[in-house]
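As structure tokens, the structure follows; a few thoughts come after it.
The values are calculated or read from the model by the stated rules, or taken from the named source; none is laboratory data. This structure is a prediction, so every number in the text was calculated from the model and none was measured. Heads up, the Cβs are rebuilt from the backbone with ideal geometry, glycines too, and the neighbour counts pull from every protein chain shown. Please note that ligands, DNA and RNA were not included when accessible areas were found on the heavy atoms of the full protein model with its side chains. Shrake-Rupley method; radii C 1.70, N 1.55, O 1.52, S 1.80 Å.
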Amino acid sequence: MNITQIRNATIVVEYANKKFLIDPMLAEKGTYSTFPDTIRQDTFNPLVSLPTSIDNILDGLDAVIVTHLHLDHFDEVAKNVLPKEIKMFVQNEADAEEVKASGFKNVEVLQQDTIFEGIQLVKTKGVHGRGEEL
Ligand SMILES: [Zn+2]
């Protein structure tokens, strides 16, 4: 397995000759305003540039996993540049509907035990920071 952190939550996982992109936030540095209630209220997001080109990130991509739909995990640039036929995995039906509404045609809700082209994807429960679970 080869894991490449692109930026923040955005990572590429290469495993068994398949390439997964997790939580794509692909905008240029400083595209979005600050996030409410965060410490860095003086700095726009993303905080740093992509370390490689979007073409490199998309090259040979087999599937995308979007853990949730916050801007820092799935942004407008990702919606625009990802091929609409790419396999998209999301956490639940509500997210699936939103991703489909962005034009993606091959959206699947991750289950406890999802198989993608012979690779087992195991969904684990998470809590989004402190406080309300989103
Ligand atoms: Zn979030």
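Comparing Val99, Thr4, Gln41 along the charge dipole axis of the stretch 2-121, the residue lying farthest to the positive side is Thr4, per the Cβ-charge model. Of Val122, Val99, Val109, the order by accessible heavy-atom surface (1.4 Å probe, DNA, RNA and ligands excluded), from most exposed downward, is Val122, Val109, Val99. Extending 7 Å from Cα along the Cβ direction at Thr114 and again at Ala16 yields two label points whose distance is 1.5 nm. Per residue, the stretch 2-121 exposes an accessible area of 54 Å² to a 1.4 Å probe, with every protein chain left in place. Lysine pair count for the stretch 2-121 with Cα-Cα distance under 14 Å and sequence separation of 8 or more or different chains is 9.
Using a cutoff of 8 angstrom between alpha carbon atoms and counting only pairs six or more residues apart, the relative contact order for the stretch 2-121 works out to 21 percent. Solvent-free Debye calculation, one equal scatterer per alpha-carbon of the stretch 44-118: log10 I(q)/I(0) at 0.23 Å⁻¹ equals -1.16.
Per-residue extension of 0.36 nm, minus the Cα-Cα distance of Thr43 and Glu28, leaves a gain of 4.1 nm for this segment. Note that the chain shows a convex hull volume over its alpha carbon atoms of 117 Å³ per residue.
Restricting the trypsin sites (Lys or Arg not before Pro) of the stretch 57-134 to loop positions (DSSP other than H, G, I, E, B) with no more than 10 neighbouring Cβ atoms within 10 Å leaves Lys125, Arg130.
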